[in-house]
Each structure stands twice: as C-alpha cells, then as structure tokens.
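Trainee: Sending over a structure as structure tokens; questions will come in a sec.
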Amino acid sequence: MTAPAVLHVAATPDSPALVLRPWRREDASALVEVSGDPGLRLWETPGVDDDAHAARWVRVQQQGWAAGNRLGFAVLEVQPGSAQEQLVGSVVLKEAAPGRPAAEVGYWTAARARGRGVAPRALEAVTAWAFDSFEVDGLERLELLHQVDNPASCRVAQKSGYDFDRILPASPPAFPHDGHLHVRRPSA
C-alpha cells in the first residue's frame with residue numbers, strides 16, 4: 001500500500017496554485033459538473049452522469065490508493081486570498097510497483113482549466129513525485145498514452161518532457177484509435 005500523498009504546485013504570475021490530493025467523497029458533485037463537458041467526454045469513457053455514479057468513481061479511486069495500483073489525484077485550483085478549492089482536473093499514476101520498470105500516467109482537465117497550463121503543471125508534479133517515490137523500487141520510466149487524434153494531449157506530453165516514442169495500434173473499446181506513446185525517464 002502506498003500512503004496517500006498531497007502535492008502542492010506554486011502559483012505562477014499567470015496561474016493560481018494547485019493542490020493535488022487523493023479523491024474524496026465530497027468531490028462527487030464537482031466531478032458531475034465537470035464531466036458534463038462534451039470535450040472531456042470525447043476522451044474519457046464513460047462519463048460520470050450523476051452523484052451516485054460519481055460516488056462510485058471516487059470509491060474506485062480510493063480503492064486504487066488502498067491497493068497501491070492506481071494513485072489518482074484530484075487537481076484543485078486555489079485562488080489567491082481564498083480557502084476555496086475548485087476542481088480543475090485529475091492526474092493518475094497506474095501500476096507503479098516494486099520491480100516494475102514502467103508505470104503509466106494519465107490526466108484530464110475541466111473545460112474551465114484548458115489552455116491555462118494546469119495539465120502540464122499537475123503532470124509535472126506527479127511525475128516528480130513518482131520518480132522520488134518509486135525510482136528506488138526500480139521505476140525507470142513513465143509512459144503517457146493518448147489517441148493520435150488528440151493533439152492537445154500531445155502538446156501536454158511534450159511540454160511535460162514526455163518524448164514521443166511510437167504509435168500504438170488501436171485496442172477497442174477502451175482505446176478505439178491508434179495512439180501515441182510518450183516516455184519520460186528520471187532526470188540525470
């Protein structure tokens with residue numbers, strides 16, 4: 001079991017601070033709100049349609065932390081001068097386990113957060129944390145996959161130092177189109 005982590009990303013002149021923490025039951029209604037976005041539904045299957053579905057989804061994320069095989073972070077934006085946090089995305093580390101040389105990262109952003117650097121900043125925080133936490137156990141690389149028809153994810157991968165490795169064939173139903181595999185190794 002991996003102890004749940006909370007990651008903090010400092011504000012920049014153009015962007016508020018981010019907090020990345022394990023999903024909580026009280027995140028369900030915000031999850032329903034952001035899941036209604038058609039742009040998100042295009043890439044994330046299935047969408048979260050109601051509070052009951054969102055509660056189940058959050059429980060799966062919590063079970064991933066308990067099992068240590070799916071470490072999902074809610075990405076929250078903290079506005080200056082406010083204690084309120086607003087859900088703006090999700091980042092997940094999958095299958096980081098002792099002896100495994102590779103793990104996978106994934107992410108999504110809410111419509112209100114796109115184009116503002118949230119995804120690269122959150123992905124960078126989880127990437128650094130993953131190597132700090134799991135390199136000693138044999139983690140040599142992180143892999144990021146996205147469909148070839150998702151150029152925004154390709155840009156996020158490149159901004160985050162994930163180099164294009166190769167095209168992967170489609171694997172329906174979860175991955176209905178060919179995909180790009182991007183890889184990042186620990187910094188020297």
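Trainee: It is to be established whether one or more residues within the range 71-79 are in contact (Cβ under 8 Å) with a residue 40 or more places away in the chain and over 21 Å from A113 (Cα atoms).
Mentor: yes
Trainee: Quick one: in the range 76-112, which of the residues that are crowded, with 17+ Cβ neighbours inside 10 Å and not in a strand (DSSP E or B) is farthest from the chain's Cα centre (by Cα)?
Mentor: A96
Trainee: Only one of these conditions is not met by F164: (1) among the hydrophobic types (A, V, I, L, M, F, W, C); (2) surrounded by fewer than 16 Cβ atoms within 10 Å (Cβ to Cβ); (3) under 12 Å from the mean Cα position of the chain (by Cα). Which number is it?
Mentor: (3)
Trainee: Let me ask something additional. Here are some residues: V136, V91. Which one is without any contact (Cβ under 8 Å) to a residue 24 or more places away in the chain and aliphatic (A, V, I, L, M)?
Mentor: Answer to the selection: V136.
Trainee: I would also like to ask the following. Confirm whether E95 is of a type in the set (D, E, K, R) and at positive phi.
Mentor: Against the criterion (of a type in the set (D, E, K, R) and at positive phi), E95 qualifies.
Every number in this text was worked out from the coordinates using simple rules, so none of it is lab data. What you see is a predicted model, and the numbers here were worked out from it, not measured in a lab. Reconstructed Cβ throughout: ideal geometry from the backbone, glycine too, with neighbour counts over all protein chains shown.
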